[in-house]
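Structure record follows, encoded as structure tokens.
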Amino acid sequence: MFLERIDSPADLKQLSIHECEQLAAEIRTALLTKASAAGGHLASNLGMVEASIALHYVFDSPKDKIVFDVSHQCYTHKILTGRRDAFLCPEKYGTANGYTNPDESEHDLFRVGHTATSISLACGLAKARDINGGKENVIAVIGDGSMSGGEAFEGLDYGGSDINSNLIVLFNDNQMSIAEDHGGIYQNLAKLRETEGAAEENFFRAFGFDYLFVKNGNSVADVVAALRQVKDIDHPVVVHICTTKGKGYAYAESHKESTHYVRPFDLATGREKNAFTGERYDRLIRDHLLEKMKQDPKIVTMIAAVPDSLNFTQEYRLAGGKQFVDVGIAEEHAIAMAAGLAKNGCKPVFATLATFYQRTYDQISQELCINNAPATLIVANASVYAVNDMTHIGIFDIPMMSNIPNLVYLAPTNRQEYFAMLDWSIDQTEHPVALRAPRNGIFEAKGSVDTDYSRLNVYKTVTRGEKVAILALGDFFQMGEELAQAVKDAYGFIPTLINPRYITGLDETLLQELKKDHTLVITLEDGVLDGGWGQKIASFYGPSDVKVLNYGLKKEFLDRYDINKVLERNHLRVDLIMQDIRGLV
């Protein structure tokens, strides 16, 4: 085996091109074996094996600087740069994460998990090189749908006109994002593929880049030949390679979308092992929206290249017809477009992951909230219980979104409440509304739920007690119920339990009322405390004698964390909270 001999790119350079092709087959086997056992980004990495080998065969990393876009397609790069065992040895599968990581290797320049960033990062590297008098190559690797992202356009716009030196963009054109590509740019890319790069209309040349086309991007020899042509080039160039997403695994080649990211699966059939068959909010919301879209032609459901955020697989996208919109990797555009839809009488519902809403702050503030456009934003994976990779954690949404004027941010605590809030939001015409989709499980309401949320910032008192008030927001409401029972059992009185529902405002009437017979207020929120909801409660009670204990998460970038350890460290456990309040009750 050649793979066992590769400890660094220097070892790779000792192989012949033919041997590199054999190495590619071995790497593909390793990727499939690991993904089938441990999950990960599969199809995108299978398509990038030969190109990654060619990059390290031609260039001299880390002197030459290679920047991966999104970086979920960096697995072969990691194998070639000293992290082979993380893909070959089951006991070491967890030693390398799924994205580039400078803490792992000098060959990884950035922690990157969001899309369309590589060209801009490369522009900065190239500009600094020129200022410092360096001579190294700077290569931005982009693809897998990322070229539809606005920052990619901005990087091309600057790089093609203002970097008058070495800047190489390796564009991996696999004709896919997570699902199908969306955006006018892909019409031109199709022409370039059909004409093998000879079409007079050339998107990249229009930005000022030189251009080189490679028909078979899954040939080490062809990609090596192209990269040798551009190595040490003195001006910006795009190397456009055509690859097959899922290359080498028949099931992935025919199921590109479902194998973009996989959980452990059976290699023979491609079927997921231990697939979850119970109810999930993403599927419940999808079905609810499709039914409402049938009843109301003005409802438009929007996503930005991540249909899996609501489990909108192809059959459901087709069912949505013209009322379902995928804008491509363009969240900022989606928010502004939603404002336009609302202004012209439609009822837009935009859904994406909390981590991606971070890119939309300006549009939520300016286009949506200043204009008070009645759009609905579904915020998925906004929870410590959700994705735990550093680049995708969803615990920063409350400080970010709850401090934008005019936005109503709601935190449902059970299934019935969630859909009541969603229905109200879609049909009301007064406010932009965001809903935090629960991630701690599906709970049923224990009584009736309100259907009208137009009286803003009115909290719901679930149990009226005394001395201690527990305000438990969203995902942490069930923890609040357990805490209320623990207080009753330990101290013999019934505490007040409140479901706040509104993240974006205070129920000052209720909070003032609590002063009469409560000495301690406890807040629970599934997000970072700094700038969050609980601190606003503490600020309200600041001049009074009421003590406030805020429970949430420390402001930090968590990475591949153990949920139980994080909850324990932040005292987000009933027994630990009970220890904290001893002496205060």
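A few notes on this one:
- Each residue in region 182-199 was checked for being touching a residue at least 24 places away in the same chain (Cβ under 8 Å), over 28 Å from the mean Cα position of the chain (by Cα) and assigned to a helix (DSSP H, G or I), and 2 pass.
- Within region 1-18, being more than 19 Å from ASP60 (Cα to Cα) and surrounded by fewer than 15 Cβ atoms within 10 Å (Cβ to Cβ) holds for MET1, GLU4, HIS18.
- Cβ-Cβ distances below 7 Å connect the following pairs, each with a first residue in region 424-445 that is of a type in the set (Ser, Thr, Tyr), a second residue that is modelled with pLDDT of 95 or more and crowded, with 19+ Cβ neighbours inside 10 Å, and a separation of six or more residues or different chains: SER425/THR376; SER425/VAL433; SER425/LEU435; THR429/PRO374.
- Residues of region 444-468 classified as part of a loop (DSSP other than H, G, I, E, B), touching a strand residue (DSSP E or B) at 6+ places or on another chain (Cβ under 8 Å) and not hydrophobic (A, V, I, L, M, F, W, C), total: 7
- The condition (being surrounded by fewer than 22 Cβ atoms within 10 Å (Cβ to Cβ), among the hydrophobic types (A, V, I, L, M, F, W, C) and in contact with a Leu (Cβ under 8 Å, 6 or more places away or on another chain)) is satisfied by just one residue among ALA190, ALA179, ALA206, ALA199: ALA199.
- Consider region 533-553 and keep the residues that are of a type in the set (A, V, I, L, M, F, W, C) and closer than 17 Å to GLU513 by Cβ. The one that is surrounded by the most Cβ atoms within 10 Å (Cβ to Cβ) is ILE537.
- Some residue of region 324-333 being in a helix (DSSP H, G or I), outside the structural domain of ASP69 (by TED's automatic domain parsing) and surrounded by fewer than 15 Cβ atoms within 10 Å (Cβ to Cβ): no
- Restricted to region 124-169, and to residues there that are hydroxyl-bearing (Ser, Thr, Tyr) and touching a residue at least 60 places away in the same chain (Cβ under 8 Å), the residue that is farthest from TYR99 (Cα to Cα) is SER165.
- Hits in region 398-443 - residues which are among the hydrophobic types (A, V, I, L, M, F, W, C) and in a loop (DSSP other than H, G, I, E, B): ILE404, LEU407, ALA411, ALA437, ILE442, PHE443
- Taking the criterion of being among the aliphatic types (A, V, I, L, M), touching a residue at least 40 places away in the same chain (Cβ under 8 Å) and touching a strand residue (DSSP E or B) at 6+ places or on another chain (Cβ under 9 Å), the only residue of region 323-334 that qualifies is VAL327.
- Residue match in region 408-419 (condition: modelled with pLDDT under 95 and crowded, with 21+ Cβ neighbours inside 10 Å): no
- Whichever residue in region 300-312 is under 9 Å from ARG286 (Cβ atoms) and part of a loop (DSSP other than H, G, I, E, B) and, among such residues, is nearest to the chain's Cα centre (by Cα): ASN311
- A Cβ distance below 6 Å, combined with a sequence gap of six or more or placement on separate chains, defines the contacts here; from region 31-45, residues that are on the phi > 0 side of the Ramachandran plot reach no residue that is in a helix (DSSP H, G or I) and hydroxyl-bearing (Ser, Thr, Tyr).
The values are calculated or read from the model by the stated rules, or taken from the named source; none is laboratory data. Since the structure is predicted, the reported quantities are computational estimates derived from the model, not experimental observations. Using ideal geometry, Cβ is built from the backbone for each residue, glycine included, and neighbour counts are taken over all protein chains shown.
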